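The values are calculated or read from the model by the stated rules, or taken from the named source; none is laboratory data. Only a predicted model underlies this, so the values are computations on that prediction, with no experimental measurement involved. Methodologically, a virtual Cβ is constructed for each residue, glycine included, from the backbone with ideal geometry; neighbour enumeration extends over all protein chains shown. Quick note on the areas: whole protein, heavy atoms, side chains included, nothing else; ligands and nucleic acids left out. Shrake-Rupley method; radii C 1.70, N 1.55, O 1.52, S 1.80 Å.
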Amino acid sequence: NMEPRNQTSVSEFLLLGFSQDSVHQPILFGLFLSMYLVTVLGNLLIILAITSDSHLHTPMYFFLSNLSFADISFTSTTVPKMLVNIQTQSKSITYAGCITQMYFFMVFGGMDTFLLTVMAYDRFVAICHPLHYTVIMNPQLCGLLVLVSWFISFSYSLIQSLLMLRLSFCTNWVIPHFYCELAQALTLACSDTLVNHILQYMVTALLGIVPFSGILFSYTRIASSILRIPSANGKYKYKAFSTCASHLSVVSLFYGTGLGVYLSSDVSSWRGMIASVMYTVVTPMLNPFIYSLRNRDMKRALQKVLGR
């Protein structure tokens, strides 16, 4: 069904993804299914633990539960469809399905970046302005920060998706990836994509550089603040550092793998594909572990939920 057609209406795209390698399909299916289940269960447990334990009704955990929700949704945009395609040996995704997947992928991916930035700000206020913490990080501000993050994510994803709808696609509908990736889909269009590309670069700057600078700023201030603590207060120093360590590791994972995806020139190569899997599947899966393993309050709350 790949013979050239001259009409511009496209009914479906083909996601090649990991399908070139038919021998390992059962292994890949098992691997992705188990990773997906761990991601959903782990993040659901985090949300349950936070909502059910009143000790955890603080800004940091409020943002964390939002991050867990965004992570479940982020993985759910791509992995279930990929699992269905591996299982049914089909590579197709409908045109509407592709645009929808692209939309939600951008929404939740953007949400992740914003939430990590907001969490860095929260740590900055907690460590550099501890006496004013409850005044600054009041429930209104926390709610507002999350709402604004959702609003920006939904808006720019909508604009990107609507701009995709005005493109026409000619004969090549093959996306060499396991999900509908915006940049890949743009290369298939045979109408002018200048506006799409301009918007894409603007959004990458907005979602990449601005939040990352915010995180860097927060952490340089935090580091200098911790270093100024006299060494006699070693315990406080350690506590201040350990509350940041889990957030820092999540940030490094998310930005490191995200950068890997953007810098791997050929996304369809195995290297590019592995980078994408790290970014879309592995990072959301590891977040709950990173946050609960190092954290006594979180462990206690999880034990309550699990009825220990």
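The table that follows gives values for the structure above.
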item	result
Cross-chain or 6+ apart pairs with Cβ under 8 Å, the range 45-62 first and within 19 Å of residue 289 (Cβ to Cβ) and open to solvent by 20 Å² or more (accessible area, probe 1.4 Å), then of a type in the set (S, T, N, Q) and at pLDDT 90 or above	47/65; 47/68
Out of 154, 169, sole residue that is open to solvent by less than 30 Å² (accessible area, probe 1.4 Å), touching a residue at least 40 places away in the same chain (Cβ under 8 Å), within 26 Å of residue 109 (Cβ to Cβ) and not aliphatic (A, V, I, L, M)	169
Residues of the range 176-213 that turn out to be within 21 Å of the chain's Cα centre (by Cα), hydrophobic (A, V, I, L, M, F, W, C) and closer than 23 Å to residue 90 by Cβ, as a count	4
Residues that are more than 15 Å from residue 32 (Cα to Cα), buried (at least 20 other Cβ atoms within 10 Å of the Cβ) and of a type outside the set (D, E, K, R), drawn from the range 66-98	66, 67, 68, 70, 93, 98
Residues within the range 261-291 that are polar (S, T, N, Q) and at pLDDT 80 or above, tallied	4
Positions within the range 116-137 being among the β-branched types (Val, Ile, Thr) and either part of a loop (DSSP other than H, G, I, E, B) or surrounded by 16 or more Cβ atoms within 10 Å (Cβ to Cβ) (or both), in sequence order	117, 118, 125, 127
Single unsatisfied condition, residue 189 versus (1) small (Gly, Ala, Ser); (2) loosely packed, with under 14 Cβ neighbours inside 10 Å; (3) free of Cβ contacts under 8 Å to residues at least 40 places away in the same chain	(2)
Subset of the range 211-261 (residues that are open to solvent by 80 Å² or more (accessible area, probe 1.4 Å), of a type in the set (D, E, K, R) and free of Cβ contacts under 8 Å to residues at least 12 places away in the same chain)	228, 235, 239
Condition met for residue 286 (hydrophobic (A, V, I, L, M, F, W, C), open to solvent by less than 80 Å² (accessible area, probe 1.4 Å) and assigned to a helix (DSSP H, G or I))	yes
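Every residue, every condition in (1) under 21 Å from residue 152 (Cβ atoms); (2) out of contact with any helix residue (DSSP H, G or I) (no Cβ under 8 Å at 6 or more places or on another chain); (3) assigned to a loop (DSSP other than H, G, I, E, B); (4) not small (Gly, Ala, Ser), yes or no:
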position: 183; (1), (2), (3), (4): yes, no, no, no
position: 214; (1), (2), (3), (4): yes, no, no, no
position: 227; (1), (2), (3), (4): no, yes, no, yes
position: 275; (1), (2), (3), (4): no, no, no, no
position: 280; (1), (2), (3), (4): yes, no, no, yes
